[in-house]
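This report refers to the structure that appears directly beneath it.
The values are calculated or read from the model by the stated rules, or taken from the named source; none is laboratory data. Note that the coordinates shown come from a computational prediction; the quantities given were computed from them, not determined experimentally. Using ideal geometry, Cβ is built from the backbone for each residue, glycine included, and neighbour counts are taken over all protein chains shown. We work out accessible area using only protein heavy atoms, side chains counted, and drop any ligands, DNA or RNA first. Shrake-Rupley method; radii C 1.70, N 1.55, O 1.52, S 1.80 Å.
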Amino acid sequence: MVTGECNCGAVQFEIDADLAGVFVCHCSICRRSTGSNGIAVVVVPDADWQTWFCSVCGSPVPGANDATRMFAPAGSITHGGEALKVIHHIWVGSKAVWDEIGDAGKQHTEGFRG
Ligand SMILES: [Zn+2]
Ligand SMILES: [Zn+2]
């Protein structure tokens, strides 16, 4: 069981699924919405979720990834994520010029459906 929370603690979530690893999206949308080099998330099937949404602190919170899966911000995981590693970097073709990728995650120029 993986648990996590937002900055203020108002949003808490639990993921009851095996997590393959962390996906980092470097696209311009994720860069601007976070003000950083992108966003790091874990992706799991919808059926494995329980989720609560914050209206207080504005932290990124779990949401829909596509029709059948949801994502959770990897940086929000507080317990159970000790073995996670970055496995995929997506939209590397539009990453910030100062963003140097230094881990072993596979780099994809555009999107990738893992
Ligand atoms: Zn993105
Ligand atoms: Zn919050």
Hey, any idea what % of the chain's accessible area is carbon plus sulfur with a 1.4 Å probe? 51 percent
State the antiparallel share, in %, of DSSP beta bridges confined to the stretch 6-111, rounding to the nearest 5. 65 percent
Arrange the peptides 18-24, 96-102 so that the one whose residues have, on average, the most other Cβ atoms within 10 Å appears first. 18-24, 96-102
Could you grab the relative contact order for the chain? Cα pairs under 8 Å, six or more apart, rounded to a whole percent. 31 percent
May I ask you to compute the full-extension gain from residue 97 to residue 69, defined as 0.36 nm times their residue separation minus their alpha-carbon distance, rounded to one decimal in nm? 7.0 nm
Under a 1.4 Å probe, what is the accessible area of the chain per residue, stated in Å²? 59 Å²
What spacing in nm lies between the two simple spin-label points modelled at residue 12 and residue 110, each 7 Å away from Cα in the Cβ direction? 4.2 nm
Using C-alpha positions alone, give me the convex hull volume of the stretch 1-42 per residue in cubic angstrom. 78 Å³
